[in-house]
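Structure record follows, encoded as C-alpha cells.
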Amino acid sequence: MNVALTIAGSDPTGGAGIQADLRTFADLNVHGTAVIASLTIQNTLGIQEVVKIPPDLLRKQITTLLDDITVQAVKTGMLLDGESIEIVGELLKKYHLAHYVLDPIVRSSTGYPILKKDDIELLKKALLPLALVVTPNLKEAEALTGLSVRTEKEMERAGMEIHAMGPRYVLVKGGHLEGDAALDLLVGDSETQRFRRARVRGRRLHGAGCVLSAAITAGLAAGLNVPQAVRKAKGFVHQAIRTSVSIGHGRQLLNLTSE
Ligand code: PXL
C-alpha cells in the first residue's frame with residue numbers, strides 16, 4: 001500500500017484542508033495519514049477564525065506517526081506561524097522526506113490572512129529548499145518574490161525566481177489569469193513545461209489548491225515523477241471542478257465523491 005501524509009489545517013466544510021486531502025488520497029488509491037497543524041472555524045461563506053495547534057502537539061503528532069509508519073510522500077498546507085514552519089522543516093529533514101509538496105498558503109481563497117511577512121520569509125528559508133514541488137498561485141508567487149505576477153511572462157519569471165530559492169520544481173498556477181484556458185507552468189531545473197486545460201466557467205471555488213497539491217502528493221506516493229504527477233493531478237482537479245457541488249450558501253466545493 002502506498003502511504004501519503006498531509007500536515008495541514010482542518011476545514012469543517014470538507015472542501016479544503018485535511019478533509020479534502022484525505023478524500024483526494026482515497027480517490028487516488030493511496031492510504032492517507034494526517035497531522036492537524038491548525039483548526040479553522042468556517043463555512044462556505046468564509047473563515048471566521050483560525051487556531052494553531054500547540055507546537056509540542058504538532059511535533060508529537062508527526063514524530064509518533066513517523067517513528068512507526070513509512071510514508072512515500074508528504075504535503076504541507078495551512079501552517080499558521082513561524083514556530084510551526086520550523087518544526088515541520090526540522091522533521092522533514094529528520095525523517096528524510098524527499099517527496100515533499102509544499103502548498104504555500106498565504107491567505108485563504110476567501111481572503112482571510114494566514115501568514116505574516118516574517119513567516120513568509122521563514123517559509124522561504126526553512127521549507128522551500130526541502131520541497132520537491134512548491135505550488136504557488138499568482139498571489140502566493142507575488143508574496144514569495146515581491147514581483148507582480150499577472151501575465152504568463154511574469155508567471156515564468158516568478159517561477160524561475162522561486163526555483164532559485166531551492167525547490168526542484170515550481171508549479172505556478174494560473175487559474176486566476178484572464179482567458180479561456182487555465183494555464184499552469186512547471187518550472188524545473190532544465191526546462192519549463194506548460195499545462196493547459198479549458199477553463200470551467202461560472203464557479204467560485206473553495207479548496208482547489210488543496211486538492212491539486214494532495215493529488216500531486218498521491219501521484220508521487222504511487223511512484224510517478226513530478227511532471228507525470230502534475231499532469232494526472234490536473235486531470236483529477238479538472239474533473240472535480242467540472243462536477244463541483246454547492247452544499248452551502250457560499251463557494252462551491254470540488255466533487256470528491258468517486259462515481
Ligand atoms: O485554501 C487554503 C486552505 C487550506 N487549508 C484550510 C483552509 C483553506 C482555505 O480556506 O481552510 C484548512
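Remark on residue 75: its backbone amide H falls under 5 Å from those of 5, 6, 7, 101, a criterion applied only to residues 5 or more positions apart or on other chains, H modelled at 1.01 Å from N. Phi angles of region 52-69 translate, via the Karplus equation with coefficients 6.51, -1.76, 1.60 and θ = phi - 60°, into HN-Hα couplings of 8, 7, x, x, 5, 6, 4, 4, 5, 4, 6, 5, 4, 5, 7, 5, 10, 10 Hz per residue; Gly and Pro are given as x.
Using C-alpha pairs below 8 Å separated by at least 6 residues, the relative contact order for the chain is 19 percent. The ranking of 243, 6 by Cβ neighbour count inside 10 Å, starting from the fewest, reads 243, 6. Annotation: amide H-H contacts under 5 Å for residue 200 (H modelled 1.01 Å from N, sequence separation of 5 or more, or interchain): none. Comparing 234, 117, 173 in a Gaussian network model of the chain, where Cα atoms under 10 Å apart are tied by springs, the biggest mean-square fluctuation is seen for 117.
Result for the chain in a Gaussian network model with C-alpha springs under 10 Å: among 58, 79, 127, the largest mean-square fluctuation is at 58. Per the Cα gyration tensor, region 3-253 maps to an equivalent ellipsoid with semi-axes of 24, 21, 19 Å, ordered largest to smallest.
Under the convention that each Lys and Arg Cβ holds +1 and each Asp and Glu Cβ holds -1, the size of the dipole of region 3-253 around its Cα centre is about 800 debye.
Say the cut-off is 20 Å between C-alpha atoms; which of 139/232; 94/116; 75/124 go over it? Violating the 20 Å Cα-Cα cut-off are 139/232; 94/116.
For the pair residue 178 and residue 160 in one chain, pulling the backbone fully straight at 0.36 nm per residue adds 4.3 nm over the alpha carbon distance.
Values quoted throughout were computed directly from the atomic coordinates according to the rules given, and no laboratory measurement underlies them. Only a predicted model underlies this, so the values are computations on that prediction, with no experimental measurement involved. Cβ coordinates were reconstructed from backbone atoms using ideal geometry, including for glycine residues, and neighbour counts include every protein chain displayed.
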